[in-house]
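The values are calculated or read from the model by the stated rules, or taken from the named source; none is laboratory data. Quick caveat: nothing in here was measured; it's all calculated off a predicted structure. Positions of Cβ are generated from backbone atoms using ideal geometry, with glycine treated the same way; all protein chains shown enter the neighbour counts.
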Amino acid sequence: QVQLVESGGGLVQPGGSLRLSCAASGVIFSLNGMGWYRQAPGKQRELVAYIGRIGIANYADSVKGRFTISRDNAKNTVYLQMNSLKPEDTAVYYCNVMDSGRSYWGQGTQVTVSS
């Protein structure tokens, strides 16, 4: 069983930056894909960014050029650096990892972009 702990959310003004972290712990065999999703009020959860074990990343078109996903395999941690934040980035952000074919979710962290 894998547990995920997210941190780094909060309130930020438009144009600001935040860095999310998600640390995995527990019985870990081999973390493969690690990613971030978000869900805004009244909307479906959507993929924000995803990174494979060797570092190949994919991004939603809406965040390309503003967000950067990275991972530290030694620490079983994935990060999301968010720059040039916009009000439409406001959502609960969820970490997701794949380990031995199973998908695990974090509890979510709120990101609010507002002046």
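Going through the range 63-81 one residue at a time, which ones are within 15 Å of G35 (Cβ to Cβ), of a type outside the set (A, V, I, L, M, F, W, C) and either in contact with a Lys or Arg (Cβ under 6 Å, 6 or more places away or on another chain) or in contact (Cβ under 8 Å) with a residue 24 or more places away in the chain (or both)?
R71, N73, N76, T77, Y79, Q81
Among the residues of the range 99-114, write down those that are touching a residue at least 24 places away in the same chain (Cβ under 8 Å) and part of a strand (DSSP E or B).
D99, R102, Y104, W105, T109, Q110, V111, T112, V113 - these are the residues of the range 99-114 that are touching a residue at least 24 places away in the same chain (Cβ under 8 Å) and part of a strand (DSSP E or B).
Confirm whether G55 is modelled with pLDDT under 95 and of a type outside the set (V, I, T).
The answer is yes for G55.
Name, by its number, the condition in (1) of a type outside the set (S, T, Y); (2) closer than 27 Å to G26 by Cβ; (3) at pLDDT 95 or above that does not hold for R66.
It fails just one condition, (2).
Which ones in the range 57-115 are of a type in the set (G, A, S), over 10 Å from the mean Cα position of the chain (by Cα) and under 16 Å from R45 (Cβ atoms)?
Of everything in the range 57-115, those that are of a type in the set (G, A, S), over 10 Å from the mean Cα position of the chain (by Cα) and under 16 Å from R45 (Cβ atoms) turn out to be A60, S62, A91, S103.
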